[in-house]
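The values are calculated or read from the model by the stated rules, or taken from the named source; none is laboratory data. Since this is a predicted model, take the numbers as computed values, not measurements. Positions of Cβ are generated from backbone atoms using ideal geometry, with glycine treated the same way; all protein chains shown enter the neighbour counts. Heads up: the accessible areas ignore ligands, DNA and RNA and are worked out on the full protein's heavy atoms, side chains in. Shrake-Rupley method; radii C 1.70, N 1.55, O 1.52, S 1.80 Å.
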Amino acid sequence: NTIKIVTLHDNERIIKVLTGCYDSINDLIDTIQTCINESDEDVEHVKFVYKSLVKRVCIKIPTKDIKSLEMATSMQNKLGLTNNILTLSTCAINEPSVSAGSLEVMYIYANILEHQIVGDISAPLLRI
(Lines give C-alpha, C1' and ligand atoms only; values in the text may rest on other atoms or scores of the structure.)
Protein backbone atom coordinates (compact mmCIF):
# COMPACT_ATOMS: atom_id res chain seq x y z
CA ASN A 1 0.00 0.00 0.00
CA THR A 2 1.26 3.45 -0.84
CA ILE A 3 0.31 7.02 -0.02
CA LYS A 4 1.35 9.73 -2.48
CA ILE A 5 1.68 13.26 -1.14
CA VAL A 6 1.96 16.10 -3.66
CA THR A 7 3.32 19.40 -2.33
CA LEU A 8 2.36 22.86 -3.61
CA HIS A 9 5.62 22.86 -5.60
CA ASP A 10 4.48 19.64 -7.36
CA ASN A 11 7.06 17.52 -5.56
CA GLU A 12 5.77 14.00 -5.02
CA ARG A 13 6.49 11.87 -1.99
CA ILE A 14 5.63 8.18 -2.14
CA ILE A 15 5.22 6.66 1.30
CA LYS A 16 5.10 2.88 1.50
CA VAL A 17 2.99 1.38 4.26
CA LEU A 18 3.65 -2.24 5.13
CA THR A 19 0.83 -4.51 4.08
CA GLY A 20 -0.25 -7.25 6.40
CA CYS A 21 -2.58 -8.02 9.23
CA TYR A 22 -3.23 -5.35 11.82
CA ASP A 23 -4.88 -6.16 15.13
CA SER A 24 -6.77 -2.89 15.24
CA ILE A 25 -7.33 0.33 13.33
CA ASN A 26 -5.05 2.06 15.86
CA ASP A 27 -2.18 -0.24 14.81
CA LEU A 28 -2.74 0.67 11.16
CA ILE A 29 -2.96 4.41 11.94
CA ASP A 30 0.23 4.23 14.04
CA THR A 31 2.05 2.50 11.18
CA ILE A 32 0.85 5.07 8.63
CA GLN A 33 1.79 7.98 10.89
CA THR A 34 5.25 6.52 11.60
CA CYS A 35 5.90 6.12 7.85
CA ILE A 36 4.84 9.71 7.21
CA ASN A 37 6.89 11.11 10.09
CA GLU A 38 9.99 9.27 8.87
CA SER A 39 9.84 10.90 5.45
CA ASP A 40 12.64 13.32 4.58
CA GLU A 41 10.62 16.33 3.44
CA ASP A 42 10.58 19.60 5.36
CA VAL A 43 6.86 20.18 4.88
CA GLU A 44 4.44 19.94 7.76
CA HIS A 45 3.26 16.37 8.13
CA VAL A 46 -0.15 14.97 7.34
CA LYS A 47 -1.86 13.66 10.50
CA PHE A 48 -3.96 10.49 10.63
CA VAL A 49 -6.08 10.14 13.78
CA TYR A 50 -8.65 7.55 14.84
CA LYS A 51 -11.48 9.09 16.87
CA SER A 52 -12.75 6.17 18.93
CA LEU A 53 -15.83 8.01 20.20
CA VAL A 54 -17.32 8.31 16.70
CA LYS A 55 -15.33 5.34 15.26
CA ARG A 56 -13.97 7.32 12.32
CA VAL A 57 -10.55 8.09 10.87
CA CYS A 58 -9.75 11.78 10.41
CA ILE A 59 -6.96 13.13 8.23
CA LYS A 60 -5.48 16.60 8.70
CA ILE A 61 -3.85 17.93 5.54
CA PRO A 62 -1.79 21.11 6.02
CA THR A 63 -2.89 23.07 2.93
CA LYS A 64 -0.03 25.56 3.22
CA ASP A 65 2.38 22.81 2.15
CA ILE A 66 0.38 20.03 0.54
CA LYS A 67 -1.76 20.08 -2.61
CA SER A 68 -3.15 16.54 -2.44
CA LEU A 69 -2.88 13.13 -0.84
CA GLU A 70 -3.58 10.00 -2.87
CA MET A 71 -3.77 6.47 -1.54
CA ALA A 72 -4.36 2.99 -2.87
CA THR A 73 -8.00 1.89 -3.03
CA SER A 74 -7.33 -0.91 -0.53
CA MET A 75 -6.03 1.67 1.98
CA GLN A 76 -9.05 3.91 1.28
CA ASN A 77 -11.38 1.01 2.07
CA LYS A 78 -9.56 0.07 5.28
CA LEU A 79 -9.77 3.67 6.53
CA GLY A 80 -13.47 4.01 5.63
CA LEU A 81 -12.91 6.84 3.15
CA THR A 82 -15.10 7.42 0.10
CA ASN A 83 -12.35 9.04 -2.03
CA ASN A 84 -8.77 7.97 -2.54
CA ILE A 85 -7.60 11.49 -3.52
CA LEU A 86 -7.91 14.14 -0.81
CA THR A 87 -7.16 17.86 -1.05
CA LEU A 88 -8.58 19.04 2.28
CA SER A 89 -8.69 17.73 5.83
CA THR A 90 -11.52 15.25 6.21
CA CYS A 91 -13.11 12.59 8.39
CA ALA A 92 -14.20 9.25 6.99
CA ILE A 93 -17.90 8.69 6.39
CA ASN A 94 -17.69 4.94 6.93
CA GLU A 95 -16.38 3.00 9.89
CA PRO A 96 -12.84 1.73 9.24
CA SER A 97 -12.06 -1.98 8.94
CA VAL A 98 -8.54 -3.35 9.05
CA SER A 99 -9.80 -6.49 7.32
CA ALA A 100 -11.57 -4.67 4.46
CA GLY A 101 -10.60 -6.20 1.16
CA SER A 102 -8.16 -8.66 2.69
CA LEU A 103 -10.29 -11.82 2.61
CA GLU A 104 -9.61 -13.67 -0.63
CA VAL A 105 -10.58 -17.25 0.18
CA MET A 106 -12.63 -18.65 3.02
CA TYR A 107 -12.89 -22.33 3.90
CA ILE A 108 -15.81 -23.68 5.91
CA TYR A 109 -15.69 -27.08 7.60
CA ALA A 110 -18.76 -29.12 6.72
CA ASN A 111 -19.86 -32.74 6.85
CA ILE A 112 -21.70 -32.57 3.51
CA LEU A 113 -18.66 -32.65 1.24
CA GLU A 114 -15.88 -35.03 0.44
CA HIS A 115 -12.70 -34.77 2.42
CA GLN A 116 -9.83 -32.80 0.87
CA ILE A 117 -6.17 -32.67 1.75
CA VAL A 118 -5.35 -29.51 3.76
CA GLY A 119 -1.73 -29.35 4.85
CA ASP A 120 -1.01 -32.78 6.32
CA ILE A 121 -4.62 -33.77 7.17
CA SER A 122 -7.79 -34.68 5.31
CA ALA A 123 -10.72 -32.36 6.17
CA PRO A 124 -14.28 -31.79 4.90
CA LEU A 125 -14.26 -28.37 3.21
CA LEU A 126 -16.60 -26.10 1.30
CA ARG A 127 -14.74 -23.54 -0.82
CA ILE A 128 -16.43 -20.17 -1.37
### Message
Against the definition (within 14 Å of the chain's Cα centre (by Cα), at pLDDT 85 or above, over 20 Å from LYS16 (Cα atoms) and of a type in the set (A, V, I, L, M)), how does ALA92 come out, yes or no?
### Response
yes
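If I filter the range 14-22 for residues that are within 19 Å of LEU86 (Cα to Cα) and surrounded by fewer than 11 Cβ atoms within 10 Å (Cβ to Cβ), do I get at least one hit?
Initially, the range 14-22 is screened for residues within 19 Å of LEU86 (Cα to Cα), giving 14-17.
Narrowing the set further to residues that are surrounded by fewer than 11 Cβ atoms within 10 Å (Cβ to Cβ) leaves 14, 16.
For the range 14-22, residues within 19 Å of LEU86 (Cα to Cα) and surrounded by fewer than 11 Cβ atoms within 10 Å (Cβ to Cβ): present.
In the range 23-42, how many are within 21 Å of LEU81 (Cα to Cα) and touching a strand residue (DSSP E or B) at 6+ places or on another chain (Cβ under 7 Å)? Working first, answer last.
Here is the first cut: in the range 23-42, the residues within 21 Å of LEU81 (Cα to Cα) are 23-36.
Keeping just the survivors that are touching a strand residue (DSSP E or B) at 6+ places or on another chain (Cβ under 7 Å) gives 25-26, 29, 32-33, 35-36.
Total meeting the criteria: 7.
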### Task
Within the range 25-39, identify whether any single residue is open to solvent by 80 Å² or more (accessible area, probe 1.4 Å) and touching a Gly at 6+ places or on another chain (Cβ under 9 Å), and answer yes or no.
no
### Query
When only residues in the range 44-77 that are touching a residue at least 60 places away in the same chain (Cβ under 8 Å) and within 16 Å of ILE25 (Cα to Cα) count, which is surrounded by the most Cβ atoms within 10 Å (Cβ to Cβ)?
MET75
